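To start, the structure itself, in structure tokens.
The values are calculated or read from the model by the stated rules, or taken from the named source; none is laboratory data. Remember, predicted model here, so these are calculated numbers, not experimental data. So basically every Cβ, Gly included, is an ideal-geometry build from the backbone, and we count neighbours across all protein chains shown.
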């Protein structure tokens, strides 16, 4: 559905948008709005939004013909037959209108935003679990799904468009949720998808400057700073004291800041006691109170995610014991360093691993857990440039004993394969297998007892191709099929050997 569900209340644009210029009327009263000219109905406000490849202003006349009674625009629309509300940024205004039409649900919830280069989804789920354990009632908007307390839906977007976000927040209110944990993507920030939402708490996982390519580094940095404008003046900013870029962001915030850390002094900290291939144990310190925590979420990066979620619990007055209990209840997250276990004598893990730093975190974790070699199936995103692909390759080269280079499910790019291969020169064992299923099969066939294999770069996400609708690829399912096939081959071989010996 393109627009916000129809509400009995009406929204005055003159009152809501103080920086707006209205032409053709003294005021525009909105009861429903749409950003899709094809879905516009009689009486709608049509929002002319800039997209990646389209300009909604070009469809304003079509929307009016479909029944739009007014248009929201940011550039002149000469000859428009209906009143026009001109604003500096249509996406930002559209987000505020969507929230207002939905009854401003974020004002009725304790709203927690989770932003950063990676670790957002894991942190969001951990925070929601901690809140549940502390007798709070959170809803969720993340890349793994949306939950309003009654219904769970697959996610088409990490941060949904403004009308979808407003509708889900409203449903959380209707279903008695007290808190909303919202994963905020970079694209969501740039597109102002959460305009009109004021956060009570903002959780920053990390802000590594090297994650941004040369083309978008500046916009990424400015978009992260922009979200501070949506943090309530008394809202709490949670940052990692181990991450210098996050601390810089904290300097921009005039309100309360809560720090977490492993190495640097922080208000909530952790000491890692033991690491195994299946779990790790740590001591979590809440000031003077120290509580042990055991989790199957592996790696130092997940310790930071656990600490950030613990900090969210602290913000909302949870007892540390309840917080830790909630954190321990999260056993795994799909496609996030997820273990694939089919009885094989070596470790197999699946992770999205889209960016160099997140991939390096996974490889560092598995390097410590592997009794034998560390092998990696590596691919790049179609969004990556050559610099990003080279960094990915160098991460694999630095941590792994062998690699299989392959394509993303969304695109078979020969240049990407060549760039990865060039960056992996010097690694002990490396092959290029363009077909992703064949690449997984190659890596798992080569694995020996005690080895660890990481299948990185996709996980279990939807993707889109130019010639068809969204499709689905699941590295976990492919790995399971290959492992069961290898086991069957071993069984058949052993049976054949036994028969010959007899």
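Within segment 247-259, which residues are closer than 18 Å to residue 200 by Cα and either part of a strand (DSSP E or B) or touching a strand residue (DSSP E or B) at 6+ places or on another chain (Cβ under 8 Å) (or both)?
Once the filter is applied, which keeps residues that are closer than 18 Å to residue 200 by Cα and either part of a strand (DSSP E or B) or touching a strand residue (DSSP E or B) at 6+ places or on another chain (Cβ under 8 Å) (or both), segment 247-259 yields 249, 250, 253, 254, 255, 256, 257, 258, 259.
Just for strands (runs of 3 or more DSSP E) wholly inside segment 160-244: which have at least 1 residues that are out of contact with any helix residue (DSSP H, G or I) (no Cβ under 9 Å at 6 or more places or on another chain) and modelled with pLDDT under 95?
Fully inside segment 160-244 and qualifying: 231-240.
Answer with yes or no whether residue 318 is more than 29 Å from residue 485 (Cβ to Cβ), at pLDDT 95 or above, out of contact with any helix residue (DSSP H, G or I) (no Cβ under 8 Å at 6 or more places or on another chain) and surrounded by 20 or more Cβ atoms within 10 Å (Cβ to Cβ).
So residue 318 fails the test.
Working carefully through the options 294, 300, 288, find the one that is surrounded by fewer than 24 Cβ atoms within 10 Å (Cβ to Cβ), touching a residue at least 60 places away in the same chain (Cβ under 8 Å) and not assigned by TED's automatic domain parsing to the domain that holds residue 454.
300
Pick from 65, 53: which is out of contact with any helix residue (DSSP H, G or I) (no Cβ under 8 Å at 6 or more places or on another chain), within 25 Å of residue 188 (Cβ to Cβ) and either assigned by TED's automatic domain parsing to the domain that holds residue 85 or modelled with pLDDT of 95 or more (or both)?
Step by step, each of 65, 53 is checked, and only 53 is out of contact with any helix residue (DSSP H, G or I) (no Cβ under 8 Å at 6 or more places or on another chain), within 25 Å of residue 188 (Cβ to Cβ) and either assigned by TED's automatic domain parsing to the domain that holds residue 85 or modelled with pLDDT of 95 or more (or both).
Does segment 88-98 include one or more residues that are over 20 Å from residue 192 (Cβ atoms), in contact with a strand residue (DSSP E or B) (Cβ under 6 Å, 6 or more places away or on another chain), in contact (Cβ under 8 Å) with a residue 24 or more places away in the chain and surrounded by 18 or more Cβ atoms within 10 Å (Cβ to Cβ)?
Checking segment 88-98: not a single residue is over 20 Å from residue 192 (Cβ atoms), in contact with a strand residue (DSSP E or B) (Cβ under 6 Å, 6 or more places away or on another chain), in contact (Cβ under 8 Å) with a residue 24 or more places away in the chain and surrounded by 18 or more Cβ atoms within 10 Å (Cβ to Cβ).
Scan segment 335-374 residue by residue and report those that are within 13 Å of residue 455 (Cα to Cα) and either in a loop (DSSP other than H, G, I, E, B) or without any contact (Cβ under 8 Å) to a residue 12 or more places away in the chain (or both).
335, 336, 337, 340, 352, 353, 354
Would you tally the residues in segment 28-64 being free of Cβ contacts under 8 Å to residues at least 24 places away in the same chain and surrounded by 14 or more Cβ atoms within 10 Å (Cβ to Cβ)?
The qualifying residues number 6.
Going by the conditions given, is residue 312 in a strand (DSSP E or B) and surrounded by 19 or more Cβ atoms within 10 Å (Cβ to Cβ)?
The answer is no for residue 312.
Quick one: residue 394 ticks every box in (1) assigned to a loop (DSSP other than H, G, I, E, B); (2) over 21 Å from residue 480 (Cα atoms); (3) at pLDDT 90 or above bar one, so which box is it?
So the condition that residue 394 fails would be (1).
What are the residues in segment 18-27 that are in contact with a strand residue (DSSP E or B) (Cβ under 7 Å, 6 or more places away or on another chain) and either part of a loop (DSSP other than H, G, I, E, B) or without any contact (Cβ under 8 Å) to a residue 40 or more places away in the chain (or both), if any?
Across segment 18-27, the qualifying residues are 20, 24, 27.
Need pairs with beta-carbon distance below 6 Å; first residue without any contact (Cβ under 8 Å) to a residue 40 or more places away in the chain and within segment 415-433, second surrounded by fewer than 19 Cβ atoms within 10 Å (Cβ to Cβ) and not in a helix (DSSP H, G or I); sequence gap 6+ or separate chains.
417/432; 421/432; 428/401
Are any residues in segment 102-116 surrounded by fewer than 24 Cβ atoms within 10 Å (Cβ to Cβ) and either under 12 Å from the mean Cα position of the chain (by Cα) or assigned to a loop (DSSP other than H, G, I, E, B) (or both), and if so, which ones?
103, 104, 109
Give segment 274-285 a look and list any residue that's in contact (Cβ under 8 Å) with a residue 12 or more places away in the chain and either crowded, with 17+ Cβ neighbours inside 10 Å or over 23 Å from residue 132 (Cα atoms) (or both), or say none.
275, 276, 277, 278, 280, 282, 284, 285
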